[in-house]
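Contents: one structure, followed by commentary.
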Amino acid sequence: MTFCIITHVLHTKSNGDYFGYAPYIDEMNIWLKYVDKVVIVAPLKNFENTAIHQKYKHQNIEFIVVPDFSLTSFGAICKTILNLPKILFLIFKAMNKSDHLHLRCPGNMGLLGSLVQILFPKKKKTAKYAGNWDAKSKQPFTYRLQKYILSSTFLTKNMQVLVYGTWEKQTGNIKSFFTATYLESDKVFVDSKSLNDRIHFVFVGSLTAGKQPIEVVKIVEKLKSLDYNVVLSIYGEGAEKQNLEDYIVSNNLSEVVFLEGNVTKEAMKKVYQKSHFLILNSKSEGWPKVVAEAMFWGCLPIASQVSCIPTMLDYGNRGVLLTNSFENDSIAIEMLLKNQTLYDLKIKEAINWSRNFTIDKFDSEIKKLVTS
């Protein structure tokens, strides 16, 4: 079977291997276990591999390079228009010689792939929609257009679209799904964490405006001002790093907030194991892996009410749901810090739920999608 991947993920090539963002590559390597050949249509650039990059593990890869493009400025739009015929032709060519078409959405390449796949109604298809599938959420027009095309059983034939969460009034194309980081064998006992010791908070993700890391810092700063023995470790890189550094210095938080950069999956496991809380105050998410990962190791999530997060946290029984009210959120967290029994109960619920979603189960479900 020839398996075609259409993705916007930036790749690089080193010593004959193709590398990309590790969580994405790790997942794709599970899909690729069940195919004979892989055709990847994606941007390829020169960049240095870091702790958050991984390589494809397959012996038969054909990589079709397309220009990286965006619609963020007038110049970028003009460049995209010029490149569009070539990109569409390359996508069509790749799909035409493949048996299974796999789209990674939402994204610019996902949008073009969702359009071209209409021309192949008989080919087997899957799409992974990693964003927020909630129809009520505010999203760019291009995201809504992808969702419309993928959902339409008239335009899109023979397709299974994997989405996070369970939503009402969906077409037969839509399949609720999940993702996973850890194995069944990782289900080891987790020691309880006392709230009487120093309380460790952690933020994990890209340092972008949409993830609102500054707001996370402010929550921990508030708790510190109330004389709680708290620290916050921030893992990730991004455009907001300089703003974070400036805020930490100007508010004398250098002994409270620490910028740790990117680390490996193994290193993050140890971080979760020692941390009491994960804070994720994103404006948008799909299935936030960091939330499920933290829960797996007894690190209680404090997260915004977007996408399927309320379901993941069982509407507060497995964590704390942020309300966009700084004062109310600070009070809710402080109340939990004063109640070890309630904290332990939420941790137990979080661990039990998250350990339903392992790589072993994910692998089994992916195999059905590819081989059936």
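For the range 194-227, how many residues meet the condition of being among the charged types (D, E, K, R), in contact with a Leu (Cβ under 9 Å, 6 or more places away or on another chain) and within 21 Å of Val263 (Cβ to Cβ)?
Total meeting the criteria: 1.
Where in the range 1-119 are there strands (runs of 3 or more DSSP E), lying fully within it, with 3 or more residues that are modelled with pLDDT of 95 or more? I'd like the intermediate steps shown before the answer.
On the way: elements: 2-6, 12-14, 17-21, 37-42, 53-55, 61-65, 100-105.
The strands (runs of 3 or more DSSP E) meeting that bar are 2-6, 17-21, 37-42, 61-65, 100-105.
Any residue at all in the range 132-148 that is of a type in the set (Val, Ile, Thr) and crowded, with 16+ Cβ neighbours inside 10 Å?
The first filter runs over the range 132-148 and keeps only residues of a type in the set (Val, Ile, Thr), leaving 142.
Next, only the ones that are crowded, with 16+ Cβ neighbours inside 10 Å stay: none.
Within the range 132-148 (the criterion being of a type in the set (Val, Ile, Thr) and crowded, with 16+ Cβ neighbours inside 10 Å), the answer is no, since none of the residues qualifies.
Output the residues belonging to the range 335-372 that are part of a helix (DSSP H, G or I), within 21 Å of Cys299 (Cβ to Cβ) and without any contact (Cβ under 8 Å) to a residue 12 or more places away in the chain.
Met335, Thr341, Leu342, Leu345, Lys348, Asn352
Can we say Ala135 is at negative phi, at pLDDT below 95 and not acidic (Asp, Glu)?
Working: at negative phi: yes; at pLDDT below 95: yes; not acidic (Asp, Glu): yes.
Yes: the conditions hold for Ala135.
Condition check: in the same structural domain as Lys123 (by TED's automatic domain parsing), at pLDDT 95 or above and either surrounded by 17 or more Cβ atoms within 10 Å (Cβ to Cβ) or closer than 30 Å to Leu101 by Cβ (or both). Does Leu207 satisfy that?
Numbers: in the same structural domain as Lys123 (by TED's automatic domain parsing): no; at pLDDT 95 or above: yes; either surrounded by 17 or more Cβ atoms within 10 Å (Cβ to Cβ) or closer than 30 Å to Leu101 by Cβ (or both): yes.
Judged against the criteria, Leu207 is not a match.
Can you confirm whether Ser206 is among the polar types (S, T, N, Q) and without any contact (Cβ under 8 Å) to a residue 24 or more places away in the chain?
Working: among the polar types (S, T, N, Q): yes; without any contact (Cβ under 8 Å) to a residue 24 or more places away in the chain: no.
Answer is no for this residue.
If we scan the range 86-108, do we find a residue that is surrounded by fewer than 15 Cβ atoms within 10 Å (Cβ to Cβ), among the aromatic types (Phe, Trp, Tyr), farther than 22 Å from Phe63 by Cβ and not assigned by TED's automatic domain parsing to the domain that holds Cys308?
For the range 86-108, residues surrounded by fewer than 15 Cβ atoms within 10 Å (Cβ to Cβ), among the aromatic types (Phe, Trp, Tyr), farther than 22 Å from Phe63 by Cβ and not assigned by TED's automatic domain parsing to the domain that holds Cys308: absent.
Keeping to the range 1-31, report how many residues are surrounded by fewer than 22 Cβ atoms within 10 Å (Cβ to Cβ), hydrophobic (A, V, I, L, M, F, W, C) and farther than 19 Å from Asn108 by Cα.
5
Do the conditions hold for Val290, that is, is it touching an Asp or Glu at 6+ places or on another chain (Cβ under 6 Å), in the same structural domain as Ser233 (by TED's automatic domain parsing) and of a type in the set (A, V, I, L, M, F, W, C)? Outline the logic, then answer.
Details: touching an Asp or Glu at 6+ places or on another chain (Cβ under 6 Å): no; in the same structural domain as Ser233 (by TED's automatic domain parsing): yes; of a type in the set (A, V, I, L, M, F, W, C): yes.
No; evaluated as a whole, the condition is false for this residue.
Please specify each residue of the range 210-235 satisfying the condition of being buried (at least 21 other Cβ atoms within 10 Å of the Cβ) and basic (Lys, Arg).
Across the range 210-235, the qualifying residue is only Lys211.
When only residues in the range 183-203 that are part of a loop (DSSP other than H, G, I, E, B), of a type in the set (A, V, I, L, M, F, W, C) and out of contact with any Gly (no Cβ under 7 Å at 6 or more places or on another chain) count, which is nearest to Pro301 (Cα to Cα)?
Of the residues in the range 183-203, the ones part of a loop (DSSP other than H, G, I, E, B) are 183, 187-198.
Those left that are additionally of a type in the set (A, V, I, L, M, F, W, C): 183, 188-190, 195.
Cutting the leftovers down to out of contact with any Gly (no Cβ under 7 Å at 6 or more places or on another chain) gives us 183, 188-189, 195.
Working: Leu183: 20, Val188: 19, Phe189: 19, Leu195: 15 Å.
Only one residue tops the list, namely Leu195.
Being part of a loop (DSSP other than H, G, I, E, B) and farther than 17 Å from Asn96 by Cα is the filter here, so list the residues in the range 121-135 that pass it.
Ala130, Gly131, Asn132, Trp133, Asp134, Ala135 - these are the residues of the range 121-135 that are part of a loop (DSSP other than H, G, I, E, B) and farther than 17 Å from Asn96 by Cα.
The values are calculated or read from the model by the stated rules, or taken from the named source; none is laboratory data. Bear in mind that the values here come from a model prediction, so they are computed numbers and not experimental data. FYI the Cβ positions are ideal-geometry reconstructions off the backbone, even for glycines, and counts take in every protein chain you see.
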